[in-house]
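Presented below is the structure to which this report refers.
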Amino acid sequence: MSCSPFDLRDYYLKELTDPQQRQVEAHVKVCSACREEMERLRLTQAALFSLRDEEIPQRIAFVSDPVFEPSRAQRWWAAFWGSSGRLGFAGAAMLSAVLLFSALTRTAGTSSSGALSPADIDRHIQRAVAASEVRQTLMTKQLVHGLVERLDREHSMRLVAENDAEYAQKQAYLAERKNGDYVTPASN
Amino acid sequence: MIFRAVEDTDLIRQASRGSVESYNLLVSRWEKRVYNYLLRITGNREDALDLAQDVFLKAYQNLRKLDDPGRFAPWIYRIAHNEAYSLFRKRKPEVDADGVEPRATDTGINVGGSSVFPIELSLAVASALERLSPDQREAVVLKIYQGFKFEEMAEILSCPVSTVKSRLYTALELLKAELAPISPRGVS
């Protein structure tokens, strides 16, 4: 039976508060029986530690496990977009869109006047060309405007830089003159 | 110094939002500890590995139920404990789980499979652990090898702290008697 103020096993297993730990430490210093008990605990733990942890024979990973997908619908969606069906679906969707567009435009044309006459075709072409020319003109204007602005900006920056350099030169000249060590080119 | 860029709590939060990559990183940090815990209470490498996989799978599926990510350690060990005891019950349905004890071999502890302790490890320690009851052995494993506090052990084992202490201290007395017996001159 231990005479320690607190259970030595609690102390050894670090389950006591700091003040309690200190009380036990003080007691163990003066009690040979408790010191002996502590030594036995230490030997027991040291012996237990002779059994080392083993490495896990096979790493655990769940990267591609479908069970991790949040729901069946999402799992299906992810599996679909991750499969080769994706390309086929995209192609089919585009083809459907083209067919639909073609069908709608054809219906609109035939509903009023049937097949287009050569005059109608010419008119459509002229309208499309005119629209294209307007777009080209607008784009050209924008480009020219942008270019002019850029050139103006560069010119202004160059002027400012030159002005700064000239100012710095003048300042240096004045400073040298003030110090009295300026030698005019004529004295050379 | 070990620099850990991402804390476990961050990984748990990311994993609970569905990041399998984060969960894999978390698993890589814990798999060895959980595997060795299972190895020491089941005494079989194959069972320990299978159980570890089940544990991490179950943990992922229930990660959203973990209110405090800081309590991940006792939580995952609780799952591991339940899985192991579920296996014990499945193997020996007619016997209470507490009655399922590892079978002794010349090289260490064995339960229906290969020996878990290499022959070079301390036979005395293996033999002493083998003589403990499963509850006592688990208490030793959780405290000595896994370093849990009494409160955490109580949470993992789902029993009062007083029960945890009782099991552990009975086990320690038995282990001390075997591994650090009192010599005529004092400590052996």
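Cβ under 9 Å from residue B:84's Cβ, residue B:84 left aside: what net charge do those residues give with Lys, Arg +1 and Asp, Glu -1?
-3
Quick one: which of A:14/B:90; B:58/B:149; B:90/B:165 span more than 26 angstrom between C-alpha atoms?
Long pairs (Cα-Cα over 26 Å): A:14/B:90; B:90/B:165.
How many square angstrom of accessible surface are buried between B and A, both sides summed, with a 1.4 Å probe and rounding to 100?
3900
Work through the residues other than residue B:32 whose Cβ is under 14 Å from its Cβ and net out their charges, Lys, Arg +1 and Asp, Glu -1. Before the final figure, lay out the partial values.
Values: positive: A:52, A:59, B:29, B:33, B:40, B:45; negative: A:53, A:54, A:55, B:31.
Residues close to residue B:32 contribute a combined charge of +2.
Give me a single rounded figure for A:38-48: the average over its residues of other chain Cβ atoms within 10 Å of their Cβ.
Taking the mean over all residues of the peptide, I get 6.
The values are calculated or read from the model by the stated rules, or taken from the named source; none is laboratory data. All values reported here derive from a predicted model rather than from experimental measurement. Methodologically, a virtual Cβ is constructed for each residue, glycine included, from the backbone with ideal geometry; neighbour enumeration extends over all protein chains shown. The accessibility values were calculated without ligands, DNA or RNA, using every heavy atom of the protein model including side chains. Shrake-Rupley method; radii C 1.70, N 1.55, O 1.52, S 1.80 Å.
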